[in-house]
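Asks: One structure follows; several queries about it will come next.
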Amino acid sequence: MRHFSQLISLMALATTAACASIPIAGDPAVTVTASGETAPVGTANEDAADDPAIWRNAATPSASLIVATDKKAGLYVYGLEGRQKSFLAGGLLNNVDLVELADGRVLVAASDRADPTTAHILLAWLDTTSGQLSEAGRHFAGAGEGYGLCMAGPSADGTLAVFSPVKDGSVYRTVLSEGEDGWKAESDLLHKLATQPEGCVLDPRTNTLYVGEENTGIWAFDLQADTHELVAPIDNRQLAADVEGLALAPEGRIGGYLIASSQGDNAYARYALPDLTPAGRFRITQGEFGATEETDGIALMLGDFGPQYPTGLFVAQDGINGVEAQNFKLVSWRAVETAFATQQPIHTQRPDQ
């Protein structure tokens, strides 16, 4: 009898293991291909590339820049042709964002996780002519290991806000003010989620901060009303765990889309603003520059980026880049818009529907 029980236990374990290995298959997605890619990051044979941010050169759009993290080593700057322009050694930097100040200077912020008990923010100036980065300070963000990060543009009084979701679920806001001696920082705790968050993005039109809790879904924080709610739960159809990078495609006063990296099934989920109504999914498939898989960070900016990217630029981390180290793929936003307009997928009815 004991042997029979042992056999049943082994069969149950085998069944559990088999179920765990079955890949998630979300709802159908339209497909696009990348129009470019960056050079691989310097850390090979590891999960190293993580998150991108975009600076648009309004005068010469094709001279725009991408700042991106190697989370084992520091920050890279790339041109739109994908070549590396500079590297700033910074150690364990996970997520990155940037803002252009009223005087034209560009400030970069990255989540610094060198201290596993205390989150910090690394600041750097981006020289938009040379593509070089120069460190501009390191500031306390909150207790816990640094992880996610996003920024808000300058407010009326010239201050900046940096939002830091950390590994223990805490979401901090750090207000930066510039003085004669550089930047000063004051942090407060907005909320603590139950599990690990990472990606975030602020919609300045509605003062709403969107935060991805990796295995739960996307939260909307109304910073004015000081409220929050889960607006896009993980359902393994529209959005599969882990939910990673978040990006905005704003249209008009409150419209447009929120884009999320649905890492669990190598797709990108689109939600219509302001109500976060599911509005389709897309994938970056094999083409001249390869597909993307296991995407962590994403960035999106609308506008003219030159002939290859006439309506906007979408950048996605590529977790599996063939024999090369990880890198970032560049996609024309017009290609994504066209795919949704002309190749709408047919929803497949599932047995549980």
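The values are calculated or read from the model by the stated rules, or taken from the named source; none is laboratory data. Not measured: the values here are computed from a predicted model. Cβ atoms come from the backbone with ideal geometry, glycine included; neighbour counts cover every protein chain shown. Areas reflect the complete protein model, heavy atoms only, side chains present, ligands, DNA and RNA absent. Shrake-Rupley method; radii C 1.70, N 1.55, O 1.52, S 1.80 Å.
Asks: Select from the range 154-183 the residues that are among the hydroxyl-bearing types (Ser, Thr, Tyr) and either open to solvent by 60 Å² or more (accessible area, probe 1.4 Å) or closer than 12 Å to Ala119 by Cβ (or both) and list them in ascending order. If you could, list the steps in order and put the result at the bottom.
Replies: Going through the range 154-183, the residues among the hydroxyl-bearing types (Ser, Thr, Tyr) turn out to be 155, 159, 164, 170, 172, 174, 177.
Within the range 154-183, Ser164, Ser170, Tyr172, Thr174 meet the criteria.
Asks: Something else about it: Would you call Gly280 on the phi < 0 side of the Ramachandran plot and either touching a residue at least 60 places away in the same chain (Cβ under 8 Å) or open to solvent by less than 10 Å² (accessible area, probe 1.4 Å) (or both)? Explain how you work it out, then say what you get.
Replies: Details: on the phi < 0 side of the Ramachandran plot: no; either touching a residue at least 60 places away in the same chain (Cβ under 8 Å) or open to solvent by less than 10 Å² (accessible area, probe 1.4 Å) (or both): yes.
No, not satisfied.
Asks: Within the range 320-343, count every residue that is within 17 Å of the chain's Cα centre (by Cα) and part of a loop (DSSP other than H, G, I, E, B).
Replies: Adding up the residues that qualify gives 2.
Asks: Could you list, in sequence order, all residues of the range 57-71 that are over 17 Å from the mean Cα position of the chain (by Cα) and of a type outside the set (Val, Ile, Thr)? Spell out how you get there, then give the answer.
Replies: Taking the range 57-71 first, the residues over 17 Å from the mean Cα position of the chain (by Cα) are 57-64.
Those that are over 17 Å from the mean Cα position of the chain (by Cα) and of a type outside the set (Val, Ile, Thr): Asn57, Ala58, Ala59, Pro61, Ser62, Ala63, Ser64.
Asks: Considering (1) part of a loop (DSSP other than H, G, I, E, B); (2) open to solvent by 10 Å² or more (accessible area, probe 1.4 Å); (3) in contact with a Gly (Cβ under 6 Å, 6 or more places away or on another chain), say which one Pro250 fails and leave the rest.
Replies: Of the numbered conditions (1) part of a loop (DSSP other than H, G, I, E, B); (2) open to solvent by 10 Å² or more (accessible area, probe 1.4 Å); (3) in contact with a Gly (Cβ under 6 Å, 6 or more places away or on another chain), the odd one out for Pro250 is (1).
Asks: Give the residue that is farthest from the chain's Cα centre (by Cα), with candidates limited to residues of the range 72-100 that are among the β-branched types (Val, Ile, Thr) and crowded, with 21+ Cβ neighbours inside 10 Å.
Replies: Looking only at the range 72-100, we keep the residues that are among the β-branched types (Val, Ile, Thr), and these are 77, 96, 99.
Keeping just the survivors that are crowded, with 21+ Cβ neighbours inside 10 Å gives 77, 96.
Numbers: Val77: 17, Val96: 9 Å.
Residue satisfying both the conditions and the ranking: Val77.
Asks: Next question. Within the set of pairs 6 or more residues apart or between chains, which connect a residue that is without any contact (Cβ under 8 Å) to a residue 60 or more places away in the chain and open to solvent by less than 40 Å² (accessible area, probe 1.4 Å) inside the range 184-199 to a residue that is among the acidic types (Asp, Glu) and in a strand (DSSP E or B) with Cβ atoms less than 6 Å apart?
Replies: Leu193/Glu213; Pro197/Glu213
Asks: Of the residues Thr129, Thr117, which is under 22 Å from Gly199 (Cα atoms) and either open to solvent by less than 20 Å² (accessible area, probe 1.4 Å) or not aliphatic (A, V, I, L, M) (or both)?
Replies: Details: Thr129 fails: under 22 Å from Gly199 (Cα atoms).
Result: Thr117 is the single residue among Thr129, Thr117 that is under 22 Å from Gly199 (Cα atoms) and either open to solvent by less than 20 Å² (accessible area, probe 1.4 Å) or not aliphatic (A, V, I, L, M) (or both).
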